[in-house]
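S.K.: Let me begin by handing over the structure; questions about it come next.
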Amino acid sequence: VLEDDLISPIDVDFDYQQLEQTQGRGAYIQTLNQPTAQELKTALREPEGWHIFFFAGHSKSLHDNSIGSFVLNQREKPLSIDELKAELVVAISNGLQIAIFNSCDGLGLANQLASLNLPQSIVMREPVPDEVAKDFLQQFLREFSHNQSLFESVRRSRQYLRQKYDHQSKYPGASWLPTIVRNPAVSLPRWNDFIAESPLPLKVLIPVSI
């Protein structure tokens, strides 16, 4: 289902570099470089758990946004949330709070994660140009790692995209793409909440795709 999307190159190294910089703010980063599905499942089941799951790469949702899938590597078919259901349930019970998909057309992924009671996801509503995705991530991490709320971090990042892109003909409406899908019964976390609540640093799992 992702053949058209795979035509577009993605600079996932930039995403990693931005996340790596948050180690100075107390984060622990584990990167899985084009992992197999089994390697990802094993990582999600780690007993010590993860606070944030971040994905950089290619993804796509069905037209009704009921199901999403994402590409882990060039050897296996796209992976759906349903195929990770058991592992994600474990990860959520072990403290997973946020999933961030800095990839195209992620509402299907977010809706499936919400059905598993993941507190919140950040996804792109539609296909997103790589330049826009990189700018969003850079601005979001700058805000969130300095202890802005999740909602405020996304709001300010969208404002940045609005100022940079929305008046251009190249990427009109870019600020509309990032969105939070959240469980209203759960408080939106701040960066320092993760640091204070755990003897471990804020833990971020990153399966980096092609």
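S.K.: Looking only at the range 23-41, count every residue that is in contact with a helix residue (DSSP H, G or I) (Cβ under 8 Å, 6 or more places away or on another chain) and either of a type in the set (Ser, Thr, Tyr) or closer than 14 Å to LEU141 by Cα (or both) and tell me the total.
M.R.: From the range 23-41, those in contact with a helix residue (DSSP H, G or I) (Cβ under 8 Å, 6 or more places away or on another chain) are 25-27, 29-32, 35, 37, 40-41; that's our starting set.
Of the ones still in play, those that are also either of a type in the set (Ser, Thr, Tyr) or closer than 14 Å to LEU141 by Cα (or both) are 25-27, 29, 31.
Counting residues in the range 23-41 that are in contact with a helix residue (DSSP H, G or I) (Cβ under 8 Å, 6 or more places away or on another chain) and either of a type in the set (Ser, Thr, Tyr) or closer than 14 Å to LEU141 by Cα (or both) gives 5.
S.K.: Can you name every residue in the range 38-54 that is over 17 Å from the mean Cα position of the chain (by Cα) and part of a helix (DSSP H, G or I)? Break it down stepwise before answering.
M.R.: Just the residues of the range 38-54 that are over 17 Å from the mean Cα position of the chain (by Cα), to begin with: 38-39, 42, 45-48.
Correct list: GLN38, GLU39, THR42.
S.K.: Any chance the range 2-22 includes a residue that's open to solvent by 40 Å² or more (accessible area, probe 1.4 Å), free of Cβ contacts under 8 Å to residues at least 60 places away in the same chain and in a loop (DSSP other than H, G, I, E, B)?
M.R.: Checked against the condition, which is being open to solvent by 40 Å² or more (accessible area, probe 1.4 Å), free of Cβ contacts under 8 Å to residues at least 60 places away in the same chain and in a loop (DSSP other than H, G, I, E, B), the range 2-22 yields at least one hit.
S.K.: List, please: which pairs have Cβ atoms under 6 Å, are six or more places apart or on different chains, and start with a residue in the range 152-163 that is more than 7 Å from SER175 (Cβ to Cβ) and end with one that is open to solvent by less than 70 Å² (accessible area, probe 1.4 Å) and assigned to a helix (DSSP H, G or I)?
M.R.: SER153/PHE140; SER153/GLU143; SER153/PHE144; ARG156/GLU143; SER157/PHE136; SER157/GLN139; SER157/PHE140; TYR160/GLN139
Results for (1) part of a loop (DSSP other than H, G, I, E, B); (2) under 14 Å from the mean Cα position of the chain (by Cα); (3) farther than 23 Å from SER93 by Cα, shown as yes or no for each residue.
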residue: CYS104; (1), (2), (3): yes, yes, yes
residue: GLY108; (1), (2), (3): no, yes, no
residue: ASN111; (1), (2), (3): no, yes, no
residue: VAL123; (1), (2), (3): no, yes, no
residue: VAL132; (1), (2), (3): no, no, yes
residue: HIS146; (1), (2), (3): yes, no, yes
residue: LEU161; (1), (2), (3): no, no, yes
residue: GLN168; (1), (2), (3): yes, no, yes
residue: SER187; (1), (2), (3): yes, no, no
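S.K.: If I filter the range 170-184 down to residues being open to solvent by 90 Å² or more (accessible area, probe 1.4 Å) and not in a helix (DSSP H, G or I), which single residue comes out as modelled with the lowest pLDDT? Full working, then the answer.
M.R.: Residues of the range 170-184 that are open to solvent by 90 Å² or more (accessible area, probe 1.4 Å), as a first pass: 170, 176, 182, 184.
Narrowing the set further to residues that are not in a helix (DSSP H, G or I) leaves 170, 182, 184.
On the way: LYS170: 79, ARG182: 89, PRO184: 84.
The qualifying residue modelled with the lowest pLDDT is LYS170.
S.K.: Something else about it: Which residue pairs have Cβ atoms under 6 Å apart, sit 6 or more places apart or on different chains, and have a first residue in the range 62-82 that is under 23 Å from LEU32 (Cα atoms) and a second that is open to solvent by 50 Å² or more (accessible area, probe 1.4 Å) and assigned to a loop (DSSP other than H, G, I, E, B)?
M.R.: Listed by first residue and then by second, the contacts come to ASN73/GLN34.
S.K.: Another question about this same structure. Would you pick out the residues in the range 48-63 that are in contact with an Asp or Glu (Cβ under 8 Å, 6 or more places away or on another chain) and open to solvent by 50 Å² or more (accessible area, probe 1.4 Å)?
M.R.: The one that is in contact with an Asp or Glu (Cβ under 8 Å, 6 or more places away or on another chain) and open to solvent by 50 Å² or more (accessible area, probe 1.4 Å): LYS60.
S.K.: Moving on. Are any residues in the range 64-102 under 16 Å from VAL204 (Cβ atoms), open to solvent by less than 20 Å² (accessible area, probe 1.4 Å) and assigned to a loop (DSSP other than H, G, I, E, B), and if so, which ones?
M.R.: LEU96, the sole residue that qualifies.
S.K.: Quick one: would you say ASN117 is surrounded by fewer than 21 Cβ atoms within 10 Å (Cβ to Cβ), among the polar types (S, T, N, Q), modelled with pLDDT under 95 and farther than 24 Å from THR42 by Cβ? Reasoning before the result, please.
M.R.: Details: surrounded by fewer than 21 Cβ atoms within 10 Å (Cβ to Cβ): yes; among the polar types (S, T, N, Q): yes; modelled with pLDDT under 95: yes; farther than 24 Å from THR42 by Cβ: no.
No: the conditions fail for ASN117.
The values are calculated or read from the model by the stated rules, or taken from the named source; none is laboratory data. Note that the structure is a prediction, hence the values are computed from the model and not measured. Glycine also receives a Cβ, built like all others from the backbone with ideal geometry; neighbour counts cover every protein chain displayed. Note: accessible area is taken over every heavy atom of the protein model, side chains too, but ligands, DNA and RNA are not part of it. Shrake-Rupley method; radii C 1.70, N 1.55, O 1.52, S 1.80 Å.
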